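The values are calculated or read from the model by the stated rules, or taken from the named source; none is laboratory data. If you're wondering where the values come from, they're calculated on a predicted model, not measured in any experiment. Because the Cβ atoms are built from the backbone with ideal geometry, glycine has one as well, and the counts that use them run over all protein chains shown. With ligands, DNA and RNA removed, areas are computed over all heavy atoms of the protein, side chains included. Shrake-Rupley method; radii C 1.70, N 1.55, O 1.52, S 1.80 Å.
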Amino acid sequence: MKFTGDIWLNAPRAAVFAKLRDARFFASCVQGVQDLNEIDGDHYTAVLDTKVAYLKFKFNVMVEVARVDPPREIEAKIEGTPLGIVGRLTARSLTRLTEDDGATKVSYEIDAALTGKLGSLGQPVLRAKAKEMERQFSERMRAAFAEPKSET
Amino acid sequence: MTRTISFSLNGEQVSAEIKPHHNLVEVLQREFNLMGARESCGQGMCGCCTVLVNGEAVSGCLYLAAFVDGAEVKTVESLAEARTQALSPVQEAFIEAGAFQCGYCTPGFLLMTTQLLDRYPEPDEDQIRHYLSGNLCRCGAYPEIVDAVKLAARKRKNPRPA
Amino acid sequence: MTPFELLEPASLAEAIALLDPEDSSVRPIAGGTALMLMMKAGVFRPRRLVSLRKLASLNSGIAIGKNGALSIGAMTPLAAVERSAEVARAAPVIPRMMRRLSNIRVRNVATIGGNLAHGDPHMDLPPVLIALSAEVGVVGPDGTAERRVAIEDLVTGYFETVLAKNELVSELRIPPQGGSRAVYIKVTTGSAEDWPALGIAVALEAEGAMVKSARVVISAATERATRLKGVERLLAGTSIDEKMLARAGDAAADEAECISDVRGSAAYKRELTRVHVGRALRQALNS
Amino acid sequence: MATSITQGGQAAPGAKVGGQVGRSLPRLEARAKVTGRAEYTHTMRLAGMLHAKIFRSTVAHGRIKSIDVSAAAKVPGVYRVVTADDVRKVIPSPYYGPAFHDQPILAIDKVHYVGEPVAAVVAADPHVAEEAVQLIVANYEELPAVFDEIEAAHNKTLVHEELKPAGTFADLKHLKGRKGTNVALDFKLRRGDVDKAFAEAAHVFEHTFHTQKVLHLPLEPFASIADWNESGVTIYSATQGPSFVRTEIARLLGWPENRVRIKVPYLGGGFGAKLYIKMEALATALSMIVRRSVKVALTMEEQFYTITRHPSTFRIKTGVDATGRITARKCEVYWNGGAYADVGPRVAQKSGFTASGPYDIDNVWVDSYALYTNLPPAGALRGFGIPQLVWGYESHTDMIARALKLDPIEFRRKNLLREGRPQATGQIVREVQLEAVLDRVAERLNWGKPLPAGTGALRRGRGVAVAIKAVIAPTTSVANLTIAGDGSTTLYCGTIDMGQGSDTAMAQIVGEVLDIPAETVRIVPRDTDVTPYDMGTLGSRSLYHMGHAVRLAAEEARAKIKAMAREVGEPEGSNIPLPDLFKKKFGMQAGNIVGTGTYKPDYVPPDPATGLTDNVTPFWMCAASGAEVEVDTETGHVRIARLVTAVDCGRPVNPKIVETQISGAVLMHLGFTMFETMHIDAGQVTNASLADYKIPAMLDVPQVMENEAVDSHLASGPFGAKGVGETATFCVSPAIANAIEDACGVRLTSLPLTPEAVFRALRVQANAPLEDEE
């Protein structure tokens, strides 16, 4: 499953980059993240609690910041093990920041794969879920950088 | 959380100790040694686990055993005449038409065909195909099954003198 | 499947009291065909299931009102709806559609209320009911007060509905159809008995080729059954000819938010939509 | 009711003596199957038996860092949680496989595909075992994975660090200990000089074809029950090859074969899935560990992680001279074998013999590679690779005919192998009715008359295909037969009746030899303590190989009857009823006559360098199919209006069963042709259920289906018969693809022929390719 998108933020690139590197801020933009725990500057664990209707999925998540090229790119590896169901979520994300006229475009590419019981459960369902999370993420990001006079 | 259910099974009043998460097929197999209804796809798609509950065909693998409490349950084992074990016209027709190979799906097809003929004694090809479209046969005996249904309809119409 | 508590209350109030507005591991169970799949796959591990089978008030059967409106009790099995003479008279599209809805065993067990409350986008029933402007009655903890929800507003996403965890569908109501003609096209891309890759339901009120009003619904290819309102507006008050059918198909293809899955890519489903909206309209017009 | 039975007293009223071969006798086990009483392993239970559920890998390729079973072990009711470490304590070298000893009972150190068994939970209640499995946590260090067969052939990503041939097959010996490769077999065939012939050809055509990953999907999923103790092990199993299972389990345990007993009830379908070791080794290991009988019964979903058909890539190049004769053909075939070789190397080799098709071609080059990838393993599926090859060469052949504006049937006829001509391997072709099957299909399709092209968006077309297969050789079958003092006859043979009707056919052969009604012959349930060796029920070999063994056993018994009659002083030609004969000999109803038969056909292994031999197979199978289709050019949907198949199965022993074998094989392959496909994402099968992996059902059966066995008699066959289980599978896919091109001008080179694939091709043809979204 591939997800790509752009988020425009009304802030200079360096500021956006700094925020994105702040794990607590980043986690606060992702729906359902709990118990964020920093192992070192590049490794984090967390619990991701998500649900589709009455179906609940809880993942132990491990995030590794694989490559950082400030203030242009962040590459991360995410691995999740669901609790109580055999499966595995693996994802690689590449975030690129470009600045244009004082605003910053955050372009992301996420390549995610689900294996085990989850993988055969219905990709469309989880894709729909991921899209919802993606929407929320960009909303929260925009909210964080929103200026009194917001963009259209 | 064990509970006792009582129901009529192939004409006999029975009861069983079950748990709420047990499905009908496993209870028929475990408690009553009836193996004719068998789980294959586990999703109600294949029909191998067909059982009649209160005269309606259901997928036993998707049916909570708790729900047959007080009901009338029939399995493929009831099709042959109880005393003489004489085969029903549908069973005979399946044999004569060569309407099965490995036989795993056969009990489901037999029960569905019996239902079909109870409802439509002289079904046309389209009715047969639609009625049986939810039963799968990986051996691909479908053409022979259609023949068998037609043959069974004739047999039921003109029963052999005893 | 993992163990759970199964309760079989005899009254609606009792049933609703046993449901828990906060706990998604407590669910009502009707026929159970869809819920069993979730449980067997291990993605739903209920703590408690509340069976609705013994609730007389949801078992009101099928009735036709003086004005021709149909009401169907939530616990009515799909097969009973399929075989009902009243339904066949009031909305012949329903028994026609039912014939290819899942299989007979499922139709014997699955109920109208359960089917709608399950919120699976691949179901055949919701798009047809949306086209027929149907609604459900919903009962909740405040007892007698019943709220009404149009089928088109019921489902919000995959398995998600506007129902609270302690609300139940009590009844399906289909308004009198007048001169409206309805058609449902189920498109499968695997075997014939596959779930639909696309469902198109159309209800058309027309005099000759002149359309008074149209309801056009897409399902299965989209995240939920959705009215294509742009297409409906385009059709209203126009005279349908081949050109208009093509325009309607194009408009539908533009409007539909198709998604990819094992049954086909979004791009392909969009093209199927383009073709089948036209075909459904033509069928409705000629029926 | 009077019958003319002279031997035994069990004949059903009305049963006829004589003419047993050629009778459309209903299956002997029919009553058991229609009453629901037929026994299958999946529903079998032993007293005190435990159930095992499997924890499977979620990584396509990875090193196992840890497996935490503590939470699972704590679940009330869990008897034991088992990993490879436990297995190795009872079976030190727990690797199995028919071609390579590459597959561990539970993953050791590494996992090689998503779905591979890593641990097992044993409990009295299967629900408890299933729940506990969800609580096992494994950690992996992920390794690069390879999924595509072409990539696997050239890539540096290795599935196995070192190859471990089983030693059974001579042509794999050179791969022993080989490192740095994913190639599990490289079969070569070199005949004439293809390069020269291509240079001289008037036309050269080259195409590439693909087949997808599909599943056998027997409705009875895999199941085995093992009951082990120090003196021996009894395994009840849904297997097509009890003799192989016995040998392999004995090897794993370091025991003589006579301490291993395999019992096989009826099989709920097999189609090649239930061959070699499947659940038997795991069940045995678990039974050894917990010292109770243990059942391993898979769910439908788990079948998708166990054995599949090979996906393949087939590059084919053909030279044609100015007169329309094929002068050269070069075939490069890549078989995607998945993580464990299973019987893949045999599939690659045996199908390689006929990769160039049923044509008389002087210059042939075949390279056939069995490749390891990080996907669920692939094995034999009803056709042993032939349907994948026919898909390629018969699509290709049609494309050539179209390009040269030749009638597709005429072009084929002109090039067909004729009696007495050498096949690509060099073996002289005899007794194969290639022309007849093609002619019959052409006739049934009214080939001589034009087909109306259709109206509006609906376009009609028709196509044909023809194919050949060399039956699997050299293989051994043994049969025993006893006649009791009352004259009743019992047959002991290891052929597994998984629905193909072999019990009935074998009884007919016995009946034919002994002149008794086939329905009076009892076939003993398969039990390796009782039923003698048989290589396996596979590759359409049983009727020929076991059929001969049974014939020989019956003939020996017949000779002994005659000898006994002489011994007791009966005159020559005496018709003394058997019970009387026994009484005369033994003084009472006592004694036995025992006949035995062993059959193994001759075989000359192909030269390793050239693949040539003058005896590669005891007989050739052949078939042709024809399809008439209607394509909805607005949606890509294809309706099969007519599907015709003609096969050469020699003389049908049981015409009715032959007919059902043909139509069943056609319908199974209709699924593989039109829609069946395993969707895989990052190694994960994403449609591992019958909800999302659809197989043909009643409404998918073409309105008109015609099947026929052409007049044929195989002189070397038992009563003229050939095997027929696979024959009708060969040609379905290309016949339909050829018809689609005839209808609407688009050529599909990958299976399945889904509406979307047809639609996309139509759009490409219209110069408006469908753009993907997102």
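Aspartates and glutamates near D:K74 by alpha-carbon distance under 20 Å, same-chain residues fewer than 8 away left out - which ones? Correct list for D:K74: D:D85, D:D86, D:D125, D:E130, D:E131. Roughly speaking, to the nearest percent, how much of segment D:416-571's 1.4 Å accessible area is carbon and sulfur? On segment D:416-571, the fraction of accessible area on carbon and sulfur atoms equals 51 percent. Once C binds A, the 1.4 Å probe can no longer reach about 1400 Å² of accessible area, counting both sides. Amide hydrogen proximity for D:I262: with H placed 1.01 Å from N in the peptide plane, the residues at 5 or more positions away or on another chain lying under 5 Å are D:I235, D:T528, D:D529. Between the residues C:S191, C:L168, C:S180, the greatest Cα displacement towards the positive end of the dipole of segment C:140-206, with unit charges on the Cβ of Lys, Arg, Asp and Glu, is found for C:S180. Among the listed pairs A:K131/C:K212; B:K74/D:K295; A:K19/A:K129, a Cα-Cα separation exceeding 30 Å is found for A:K131/C:K212. Partners of D:K583 within straight-line reach, counting lysines whose Cα lies under 27 Å from its Cα and excluding those fewer than 8 residues away in the same chain: D:K16, D:K560, D:K562. Its alpha carbons considered, segment D:316-412 gives a radius of gyration followed by a Dmax of 15.0, 46 Å.
Can you tell me how segment D:603-654 classifies by the Cα gyration tensor, rounded, prolate or oblate, using a/c under 1.5 as the rounded cut? Oblate, because a/c is 1.5 or more while a/b does not exceed b/c. Summarised as an ellipsoid, segment B:94-162 has semi-axes of 19, 14, 10 Å, derived from the eigenvalues of the Cα gyration tensor scaled by 5 and square-rooted, with the largest first. What does the net charge come to around D:F147 if you take all other residues with beta carbon closer than 13 Å to its beta carbon, with K and R at +1 and D and E at -1? Spelling it out: positives minus negatives among the neighbours equals -3.
Averaging 1/r across all pairs of distinct Cα atoms in segment D:650-774 and inverting the result yields a Kirkwood radius of 17.2 Å. When the charge dipole of the protein assembly as shown is built from unit charges on Cβ atoms (+1 for Lys and Arg, -1 for Asp and Glu) and taken about the Cα centre, the candidate among D:V260, B:A82, D:G725 whose Cα reaches farthest toward its positive end is B:A82.
Interface between chains B and C: roughly 2600 Å² of accessible area buried, both sides summed (probe 1.4 Å, protein heavy atoms only). Taking every C-alpha pair closer than 8 Å and separated by at least 6 residues, the mean separation divided by the residue count of segment A:17-152 gives a relative contact order of 16 percent.
Shown for segment C:1-21: residues covered by the partner protein chains by 50 Å² or more of accessible area relative to the chain by itself (probe radius 1.4 Å), namely C:M1, C:P3, C:F4, C:L6. Each Cα pair under 8 Å and six or more residues apart adds its sequence gap; the mean of these over the residue count of chain C is a relative contact order of 15 percent. For segment D:65-111, the spread of Cα coordinates along the three principal axes comes to 41, 22, 16 Å, biggest extent given first.
With a ≥ b ≥ c taken as the square roots of the eigenvalues of the C-alpha gyration tensor of the protein assembly as shown, please select rounded if a/c is under 1.5 and otherwise prolate if a/b is larger than b/c or oblate if it is not?
Cα axes put the protein assembly as shown in the rounded bin.
Considering only beta bridges that DSSP places wholly inside segment D:275-433, some 50 percent are antiparallel. Charges were assigned to the Cβ only: +1 to each Lys and Arg, -1 to each Asp and Glu. The resulting dipole of the protein assembly as shown about its Cα centre is roughly 1680 debye.
Dipole size of chain D about its Cα centre, with +1 on Lys/Arg Cβ and -1 on Asp/Glu Cβ: approximately 1460 debye, rounded to the nearest 20. For the protein assembly as shown, the solvent-accessible area of protein heavy atoms averages 35 Å² per residue (probe radius 1.4 Å; ligands and nucleic acids excluded).
For D:F619, the residues 5 or more places off, or on other chains, whose built amide H falls under 5 Å of its own are D:V471. Panel note: contact residues of segment D:291-314 (accessible area lowered by at least 30 Å² against the chain on its own; 1.4 Å probe) correspond to D:M300, D:E301.
Against the main long axis of the alpha-carbon atoms of chain C, helix C:266-286 sits at an angle near 80°. Among C:M39, C:M97, C:M210, the largest mean-square fluctuation in a Gaussian network model of chain C, built with springs joining Cα atoms closer than 10 Å, belongs to C:M39. Only aspartates and glutamates eight or more places from A:K56 in sequence, or on another chain, were considered; those with a Cα closer than 16 Å are A:E132, C:D20, C:E22, C:D23, C:E160.
Remark: relative contact order (segment D:353-450) = 34 percent; criterion is Cα-Cα distance under 8 angstrom and separation of 6 or more residues.
For a quick check of your reading of the filter: which GluC sites (Glu not before Pro) in segment D:330-439 sit in a DSSP loop and have no more than 16 other Cβ atoms within 10 Å? Passing both the DSSP loop test and the Cβ count: D:E419.
Quick check for me: using +1 on Lys/Arg Cβ and -1 on Asp/Glu Cβ, what's the dipole size of chain B about its Cα centre, in debye to the nearest 20?
120 debye
Among the listed pairs D:K317/D:K449; A:K77/D:K164; C:K229/C:K269, those with a Cα-Cα distance over 27 Å are D:K317/D:K449; A:K77/D:K164. Equivalent ellipsoid of chain D: semi-axes from √(5λ) of the C-alpha gyration tensor, largest first, are 41, 37, 24 Å.
For D:R325, neighbours were defined as the other residues whose beta-carbon sits under 14 Å from its Cβ, and their charges (Lys and Arg +1, Asp and Glu -1) total +1. Taken across both chains, chains B and D shield about 4200 Å² of accessible surface from a 1.4 Å probe.
Just check segment C:51-175 against the gyration tensor rule for me: Cα atoms, a ≥ b ≥ c as the square roots of the eigenvalues, rounded for a/c under 1.5, and otherwise prolate or oblate depending on whether a/b exceeds b/c. Judged from the Cα gyration tensor, segment C:51-175 comes out rounded (a/c under 1.5). Taking a sphere under 12 Å around the Cβ of C:A79 and counting the other residues whose Cβ falls inside, with K and R at +1 and D and E at -1, yields a net charge of +3. Using just its DSSP H runs of length 4 or more, each adding -39500 (n - 2.57), the protein assembly as shown gives a mean residue ellipticity at 222 nm of -8500 deg cm²/dmol after division by all residues.
Dipole orientation for chain A: of the candidates A:G102, A:Q34, A:A53, A:A53 has the Cα lying most toward the positive pole (charges on Cβ; Lys, Arg +1; Asp, Glu -1).
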